[in-house]
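Below is one structure, written out as structure tokens, with a few remarks after it.
The values are calculated or read from the model by the stated rules, or taken from the named source; none is laboratory data. Here the structure is a predicted model, which is why all the values come from computation and not from measurement. Backbone-built Cβ (ideal geometry, glycine too); neighbour counts: all protein chains shown. Side chains included, ligands, DNA and RNA excluded: accessible areas come from the protein's heavy atoms. Shrake-Rupley method; radii C 1.70, N 1.55, O 1.52, S 1.80 Å.
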Amino acid sequence: MTGDVVVTGVGIVAPGTAAPTGRSGGPRDISSTGAPSGRSGGALDGPSAGVPSGTSGCPLDGLSAGVPSRTSGSAPGGRESWFDVAAELGPRGYKYLPPASQYLLAAARRAVAAAGGLEHAAPHRRAAAVGTNGALRAYFDDVDAKVTGGHSDDLSPAGAPYFAVNVLSGRLASEHLLKAFSLTLTSPRVAGFEAVETGARALALGRADVLVAAAMEHGLPHHAPGLPMEQGAVAIVLEPRARAEERGAVVLGTCFARAGFAPPGLAATSEGRRRLAEQVERAAAELGAADAEVYQVLDGSPVSRALEAAAGAVGLTVRPAVVAGGGCLAPSLLLARSFVPAERPRLVITATAEGNFALAGARPAPAHRESRAPAHNESPAPAHNESRAPGGRSPSGAGSSYRPPQPTGSQPC
Amino acid sequence: MTDVLVTGVGAVTCQGYGAAALQQAMTGAVAPVPERIPDPGANLRHPLILRVPGVAPGRGRAARLVTTAVSEALRDAGLERRPWPGRVGVVIGSCMGEAMLHESGRCAEDDGAGWRPTFRLASAVGEWLGAFGVNTSISNACAAGGFALCLAADLIRSGEADMVISGGVDAYSRVGWASFDRLGAIDPVRCRPFDRERRGTILAEGAGILVLESGEHARERGAIGYGRIAGAGWSCDAHHLTAPEPTGEQIVRAMREALGGSGEPGCVIPHGTGTRLNDLVESRALRQVLGARTGEVPLYSAKALVGHTGGAAAALGAVAAALILRSGTVPQNVAIGEQDPECEVYLPVSGPVRLRTPRVMVNAYAFGGNNASFVLEQAA
């Protein structure tokens, strides 16, 4: 049960897409190693409610592919060169936050601004639900090295609270006075979708009037060897439709998420296939759009293969699978970018070897879909690092299969 | 509204395995003695821990704790035989997950997997059970188990699940212990909430699991419950990364929301960690909520008995609440030196007291200002 919840703001901060001031539209800049480089680019265009422009046409634009070296994408101290913290967040008070916290705050600022602010709800009616898998892995590496090689006294007392990943969500709550609740979801790969699902359920149950649902990651190459590196954050402002319409908010569309689980050893059984097919069919029905496309972020595991097979049977247009990275950001990025001007309704599916899988549907508001400039009216090109078997899936969805990720290089859209 | 019943409990703590061991320890009220962390890499000022005994070293320590507690809870609920009818979910809270996977020298560094997510405990339970259905990991630090139980109840109330296996778990992690140590939050003596001389907490390992079912589901299979989840309240201080908001405004709101119109509780299991400010703020907040009856509503301070089990703390508090409801008695608390006169709460230490009202409220607070309160009460 998630009720009639609408999206009123979207914010994205990811390599090649973040810009403090400009509009998006520049070409994506990916270094030869696959690491993001250069200045931040624009994730959102301006006052029209923070809609990610998606001008490059790649729904995963900004997530680096391949295996970037740490040095190629990182500033001194482990800070990532693609993100200008002072430009994004201000000159004071943010420099020493963990990178994932910075990304989350920046994405949320964009989403909240796009939604017209949150002041329409009292602080105790504003909430946050944030998904992550590896927001603090780099911090953990650092603490572990210092404690084993030295002493806990060597740790910065200011940094010590960051052993608990929900502290990053708490920082978000402090910035926007989100006092209704703050949830931090961490299920492998699906946590970002769970933030949407859990948050929407809480809205439907009356626990809050408006919610910032988000996903954040700060992965480094050694955290997920051989997989796309995930850095950045996505934030989506959700609120009950009646409330949004009452205050005259621009409704970007609707979205929903459903997370589930298939025991890895049972995913390929007839029971597993049946359960997964039910989930996909239910999500497709909920999306209710014959022209919808299915985007997949998969990892080649038995659960992924079973989910992919189930998706192939729904009768919607199925895109080739995108190789999943070491985190929950890629699916959330696809969901957030579903509110691109004139984009078709989209079903995003993802799964992981641990057994978690999730589906999220996005349906841009009709007026929104029709009112955008033709320049944005392009279908996303195949996502980066997509994997297609020889003779793989056509846009109609027939006959594709997963191929393991390539260990090096990147494939621009 | 759909009734959410507690039909089975499982507990693993430094006091041993099983809710019966916990019950026995509650009756005995003897403070556990912290041991030195058996990790040569743990270079801390106060390398103290309350460990679960008898867990073999190696990978997946937290997973072993939680599956042990799940196994007991299912037996307790009469659910040994599968497949189970209805839709079954898993919601597990943990602050640190399986952090040891990424800590130097604590397990095999590389098993060939490209990615080893830290928070895989709910997944591990789901795989172990062979359970299709909702499977969620929540990491609201030391309140994670409380939020997990509340989310599980929401799943049942919203009609998305008929039964949810839920609770919390945390095992030793070098990073977690070191960070607490650096924050000066470790008491070098023991965990002694509300004591005038308290100096912090003692971190501990543990897992607490409850089987939650819709009333209809439980009745259909003839299950006898411990009680029902009568209410839940959430809030966020939005104030400070680690310190509670001094007025306690938001924790008061969460408690009042949890209590709803059901009246005052017969017992409160406080968050009560033993850190100076937390115990003080919670005491004052309880006085705001309970008013003139504060001195008559007994607190049961679970952390004095099992330490601060992080993401398991509120779930173990819920197990203790279920045991208190079933027995109708609030055990005496582990004795403390002298109760802090600023913490004006009723902490019985000289013997058990009768549970006058069959309703127990559990509080769960965490870094990040995350607060959850929930109420277990005797089912009609």
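Structure summary
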read-out: Lone unmet requirement of (1) part of a loop (DSSP other than H, G, I, E, B); (2) open to solvent by less than 40 Å² (accessible area, probe 1.4 Å); (3) of a type in the set (D, E, K, R) for B:GLU264; value: (2)
read-out: Checking A:ALA113 against (1) touching a residue at least 40 places away in the same chain (Cβ under 8 Å); (2) open to solvent by less than 10 Å² (accessible area, probe 1.4 Å); (3) of a type in the set (A, V, I, L, M); (4) part of a helix (DSSP H, G or I), the condition it does not meet; value: (2)
read-out: Some residue of the range B:120-130 being in a loop (DSSP other than H, G, I, E, B) and either away from chain A (no Cβ under 14 Å) or open to solvent by less than 40 Å² (accessible area, probe 1.4 Å) (or both); value: yes
read-out: Among (1) more than 21 Å from A:ALA283 (Cα to Cα); (2) within 10 Å of chain B (Cβ to nearest Cβ); (3) outside any loop (DSSP other than H, G, I, E, B); (4) not small (Gly, Ala, Ser), the one test that A:LEU211 misses; value: (2)
read-out: From the options B:GLU80, B:GLU72, residue that is at pLDDT 95 or above and farther than 23 Å from B:SER173 by Cα; value: B:GLU72
read-out: A:ALA336 being at pLDDT 90 or above, assigned to a strand (DSSP E or B) and within 18 Å of the chain's Cα centre (by Cα); value: no
read-out: Considering residues of the range A:273-332 that are within 27 Å of A:ALA224 (Cα to Cα) and polar (S, T, N, Q) only, the residue surrounded by the fewest Cβ atoms within 10 Å (Cβ to Cβ); value: A:SER301
read-out: Residue, surrounded by the fewest Cβ atoms within 10 Å (Cβ to Cβ), within the range A:167-177, restricted to residues that are among the hydrophobic types (A, V, I, L, M, F, W, C) and within 7 Å of chain B (Cβ to nearest Cβ); value: A:LEU177
read-out: Cross-chain or 6+ apart pairs with Cβ under 6 Å, the range B:297-318 first and closer than 17 Å to B:LEU65 by Cα, then surrounded by 24 or more Cβ atoms within 10 Å (Cβ to Cβ) and of a type in the set (Asp, Glu); value: B:THR309/B:ASP170; B:GLY310/B:ASP170; B:GLY311/B:ASP170; B:ALA312/B:ASP170
read-out: Total residues in the range B:340-354, condition open to solvent by 30 Å² or more (accessible area, probe 1.4 Å), of a type outside the set (Val, Ile, Thr) and either touching a strand residue (DSSP E or B) at 6+ places or on another chain (Cβ under 9 Å) or not in a loop (DSSP other than H, G, I, E, B) (or both); value: 3
read-out: Residue check, A:ALA259 open to solvent by 50 Å² or more (accessible area, probe 1.4 Å) and in contact (Cβ under 8 Å) with a residue 12 or more places away in the chain; value: no
read-out: Enumeration of residues in the range B:167-197 that are away from chain A (no Cβ under 14 Å), among the basic types (Lys, Arg) and under 21 Å from the mean Cα position of the chain (by Cα); value: B:ARG190, B:ARG192
read-out: Criterion violated by B:GLU216 - all others in (1) surrounded by fewer than 21 Cβ atoms within 10 Å (Cβ to Cβ); (2) over 21 Å from B:THR7 (Cβ atoms); (3) of a type in the set (D, E, K, R) satisfied; value: (2)
read-out: From the options B:ARG82, B:ARG59, residue that is in a loop (DSSP other than H, G, I, E, B) and over 30 Å from A:GLU217 (Cα atoms); value: B:ARG82
read-out: Selection within the range B:12-30 - surrounded by fewer than 20 Cβ atoms within 10 Å (Cβ to Cβ), hydrophobic (A, V, I, L, M, F, W, C) and in contact (Cβ under 8 Å) with a residue 24 or more places away in the chain; value: B:ALA29, B:VAL30
read-out: Among residues of the range A:305-324, those that are in a strand (DSSP E or B) and over 20 Å from the mean Cα position of the chain (by Cα), counted; value: 1
read-out: Residue within the range B:232-239 that is surrounded by fewer than 24 Cβ atoms within 10 Å (Cβ to Cβ), over 20 Å from the mean Cα position of the chain (by Cα) and under 30 Å from A:GLY93 (Cα atoms) present; value: yes
read-out: B:ALA207 being more than 9 Å from chain A (Cβ to nearest Cβ), in contact with a Gly (Cβ under 8 Å, 6 or more places away or on another chain) and surrounded by fewer than 24 Cβ atoms within 10 Å (Cβ to Cβ); value: no
read-out: Members of the range A:140-166 found to be crowded, with 22+ Cβ neighbours inside 10 Å, in contact (Cβ under 8 Å) with a residue 12 or more places away in the chain and under 26 Å from the mean Cα position of the chain (by Cα), listed by number; value: A:PHE140, A:TYR162, A:PHE163, A:VAL165, A:ASN166
read-out: Selection from the range A:178-192 of residues that are of a type outside the set (Lys, Arg) and either within 11 Å of chain B (Cβ to nearest Cβ) or surrounded by fewer than 24 Cβ atoms within 10 Å (Cβ to Cβ) (or both); value: A:LEU178, A:ALA180, A:PHE181, A:SER182, A:LEU183, A:THR184, A:LEU185, A:THR186, A:SER187, A:PRO188, A:VAL190, A:ALA191
read-out: Test: residue in the range B:143-162 that is assigned to a strand (DSSP E or B), more than 7 Å from chain A (Cβ to nearest Cβ), open to solvent by less than 10 Å² (accessible area, probe 1.4 Å) and out of contact with any Asp or Glu (no Cβ under 9 Å at 6 or more places or on another chain); value: no
read-out: Selected residue [surrounded by fewer than 24 Cβ atoms within 10 Å (Cβ to Cβ) and closer than 19 Å to B:GLU264 by Cβ] from B:GLY317, B:GLY295; value: B:GLY295
